[in-house]
Amino acid sequence: MAVRMTEAEARLIEEAGRKLGPKVVVTDPKEIEPWVSDWRGRVHGASPALLSPSSTEEVVEIVRLACEHHVPLVPQGGNTGMAAGATPPADGSAILLSMRRMNRIRSISAENRLAVAEAGIVLATLHEATHDVGLRFPLTLGARGSCTIGGLTSTNAGGTQVLKFGTMRALVAGVEAVLPDGSVHTGLSGLKKDNRGYSLDQLLIGAEGTLGVITAVALRLVPAIAGRAVAWTGLDSPNKALELLRFLEARTSSIEGFELVPQDSLDLVLKHIPGTRSPLSGKHLWHALIEATTADPAATIAAELQGLLAAALQQGIIGDAALASNEAQAEAFWKLRDTISEAERAEGQTLAHDISVPVADMPAFITDAAAKVEAAFPGVVASGFGHLGDGNIHFHVRAGSHASPDWYEAEGERIMHMVDDLVTAAGGSISAEHGIGQLKRAEFARLAPPGRIHALRAIKQALDPLGIMNPGKLVP
Ligand SMILES: Cc1cc2nc3c(=O)[nH]c(=O)nc-3n(C[C@H](O)[C@H](O)[C@H](O)COP(=O)(O)OP(=O)(O)OC[C@H]3O[C@@H](n4cnc5c(N)ncnc54)[C@H](O)[C@@H]3O)c2cc1C
């Protein structure tokens, strides 16, 4: 369906078409349609055009036109974000700026251990390119086949290897971005030391497109993996899972992934994702997926992990364990973890909370919060999965017996308030790695300390006084 456009939008689209050509300016509603709803399909927007630049110069041109005509832009990468940050407003009052055609790797330097990738490079493509030269970009997550470097940087994404390598904030060495006035910030030299005051790069990381359009990113690389061992363990409780993590970390420095999975999530994956099977024969209330890696070809990583898990079994920390015997099995174990969100989506309605609390408090938080939510809303199913070692869990509440077309409207807000209040009381964050976007903005405003909100607003106003960068997102 064609979207009604304002006069200003029509002028921008006409001028952009004239200057940049039809490859950059798409107005066919059929081509725009797949990109105006969020990944979970919960928020629906509209845009009169999809602008797809293929160079920084074209982005500059578009931002200048947006300034001149006072038309807001919504930057978008792979549209896999979990907070509807890349979804335009429903009234068509902003224009989608797709960065997917900016998809070149500008350089990979083994000497500097740096890659410079344009914003639209898909994460899996970067993984392949760095692997080909014996290096590795260590951040990875379930959406790696479609999420982009620009989106990952803009949401300060985390993923499954944060335990060892940190989030995008730790892995980005510099950013190139077109700022809201059309000027270009160039921070791609990847300097290890640079103390010239405020870091614009760090400000743009996690800014969710509200302070500028990221066009390229310098990324830190590490040596390629020479060997990895992946294991699936069955345990009694999140407490035991944390005990296992600390047990392993005390004996080896090779652990880089440690993911908590409740039996309930595993059941959903086995039900909805074709070709999956449980690694263990018996049922366990909880599971931990462990990945150990080494860059040393001489290391015997599988034997080391096997020995440690045997000791953990003997000490009663775990109930059972399976070590992947080859790469295909290792991938199959990871698939069980990576497809939890997809399986939940297939099952029905889910309220997702991406939360963090101090690591040591997380096991108690998961069980207490799930019990409280299920007691307050009998029939819903609450549980947490994910990055236990980072103190970050995806605390999800499924509709269960409450499933109905208006469940989100009827109970969504009350459940979200309850979870977010529990998180805040525990000294945690209502967004650990997914950002604020539009879905968490009201909660952020309700719960963040006034000083934090004031600083955010002041920065936004200083850098984007016309409000053309992703309005209605992040900043309350
Ligand atoms: C199956 C699945 C698993 C996931 N697992 C994890 C996980 O483990 N950890 C985690 O942290 N996240 C996870 N995510 C969400 C994650 O945030 C996104 O996958 C990724 O960071 C977003 O990249 P994208 O290119 O899709 O960005 P989009 O969704 O397109 O955009 C996200 C935000 O960034 C902005 N943006 C995008 N590109 C630019 C740019 N070039 N310049 C300025 N702003 C821009 C958008 O405006 C929006 O605000 C998962 C998502 C899925 C679907």
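The values are calculated or read from the model by the stated rules, or taken from the named source; none is laboratory data. From a predicted model like this one, the values you see are computed outputs, not experimental measurements. Backbone-built Cβ (ideal geometry, glycine too); neighbour counts: all protein chains shown. Side chains included, ligands, DNA and RNA excluded: accessible areas come from the protein's heavy atoms. Shrake-Rupley method; radii C 1.70, N 1.55, O 1.52, S 1.80 Å.
Please verify whether Thr210 is outside any loop (DSSP other than H, G, I, E, B) and out of contact with any Cys (no Cβ under 7 Å at 6 or more places or on another chain), treating the condition exactly as stated. Spelling it out, it is not the case that Thr210 is outside any loop (DSSP other than H, G, I, E, B) and out of contact with any Cys (no Cβ under 7 Å at 6 or more places or on another chain). Going through (1) under 26 Å from Gly142 (Cα atoms); (2) touching a helix residue (DSSP H, G or I) at 6+ places or on another chain (Cβ under 7 Å); (3) open to solvent by 60 Å² or more (accessible area, probe 1.4 Å) one by one, Arg246 falls short only on (2). The number of residues in region 178-199 that are surrounded by fewer than 18 Cβ atoms within 10 Å (Cβ to Cβ) and of a type in the set (A, V, I, L, M) comes to 2. Does Arg277 qualify as being of a type outside the set (Val, Ile, Thr), open to solvent by 30 Å² or more (accessible area, probe 1.4 Å) and more than 13 Å from Leu336 (Cβ to Cβ)? Answer is no for this residue. Within region 142-154, the residues that satisfy the criterion of being part of a loop (DSSP other than H, G, I, E, B) and in contact (Cβ under 8 Å) with a residue 24 or more places away in the chain are Gly142, Ala143, Ser146, Cys147. Would you call Val423 closer than 19 Å to Ile340 by Cβ and either assigned to a helix (DSSP H, G or I) or modelled with pLDDT of 95 or more (or both)? When the stated conditions are applied, Val423 does not pass them.
Scanning region 348-362 for any residue that is open to solvent by 40 Å² or more (accessible area, probe 1.4 Å), farther than 13 Å from Ser265 by Cα and assigned to a helix (DSSP H, G or I) turns up at least one such residue.
Would you say Gly412 is in a helix (DSSP H, G or I), touching a residue at least 40 places away in the same chain (Cβ under 8 Å) and in contact with a strand residue (DSSP E or B) (Cβ under 9 Å, 6 or more places away or on another chain)? Here the answer is yes, as Gly412 does meet what is asked. Of the numbered criteria (1) open to solvent by less than 20 Å² (accessible area, probe 1.4 Å); (2) over 24 Å from the mean Cα position of the chain (by Cα), the one Cys67 fails is (1). As for region 67-77, it holds at least one residue that is small (Gly, Ala, Ser) and within 29 Å of Gly348 (Cβ to Cβ).
When region 144-168 is limited to residues that are at positive phi and open to solvent by 10 Å² or more (accessible area, probe 1.4 Å), the one that is farthest from the ligand (Cβ to nearest atom) turns out to be Gly166. Within region 224-232, the presence of a residue that is without any contact (Cβ under 8 Å) to a residue 60 or more places away in the chain and in contact with a Pro (Cβ under 7 Å, 6 or more places away or on another chain) is excluded. When region 97-133 is filtered for residues that are within 19 Å of Gly190 (Cα to Cα), of a type in the set (Val, Ile, Thr) and under 19 Å from the mean Cα position of the chain (by Cα), only Ile121 remains. Selection within region 200-218: residues that are over 15 Å from Leu73 (Cβ atoms) and small (Gly, Ala, Ser). The member of this set that is most open to solvent (accessible area, probe 1.4 Å) is Gly206. The lone criterion from (1) among the polar types (S, T, N, Q); (2) within 12 Å of the chain's Cα centre (by Cα); (3) part of a loop (DSSP other than H, G, I, E, B); (4) within 30 Å of Gly467 (Cβ to Cβ) left unmet by Thr160 is number (4). The residues listed here are Arg228, Arg220; of these, the one that is under 23 Å from the mean Cα position of the chain (by Cα), of a type in the set (D, E, K, R) and more than 16 Å from the ligand (Cβ to nearest atom) is Arg220.
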